[in-house]
Amino acid sequence: MRKICQLLLVFLALTFLSCVGPATSIPSPRPEKPTEVAKVPTEQSPIPAETAQPTAGPTEAPPTRGVAAWSADGIISEGEYAHETSIGDVRLWWRND
């Protein structure tokens, strides 16, 4: 009976070790040589382009009505987001662009 237990232990140990395998079986990553990026020459116009003269007009765009502009200020103002929902204690606001 003792020999059977020893053989069983050896069999289980060999089975376990064959599943685990040596630590060197995983190949180490090899650093790759950096590839060179080809530089494409850009066309440059030998003739200088004409500059457009500014026209007399309003310097600021007129404000839009109904939709507030988004700003990362942490304050949600009325009309800033089109959709709103509450999930438990959490309120979510979102807008689809």
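Laboratory data are not the source of any read-out in this text; all were calculated from the coordinates shown. The structure presented is a predicted model; accordingly, all values stated were derived computationally and were not measured. Ideal geometry is used to build each Cβ from the backbone, glycine not excepted, and the neighbour counts take in all protein chains shown.
Between Glu78 and Gln53, the distance separating the two model label sites (each 7 Å from Cα on the Cα→Cβ line) works out to 4.7 nm.
Provide the FRET efficiency to the nearest 0.05 for the Glu60-Ala38 pair, computing r from the beta carbons and using R0 = 41 Å.
Values: r = 45 Å, r/R0 = 1.09.
The value I calculate is 0.35.
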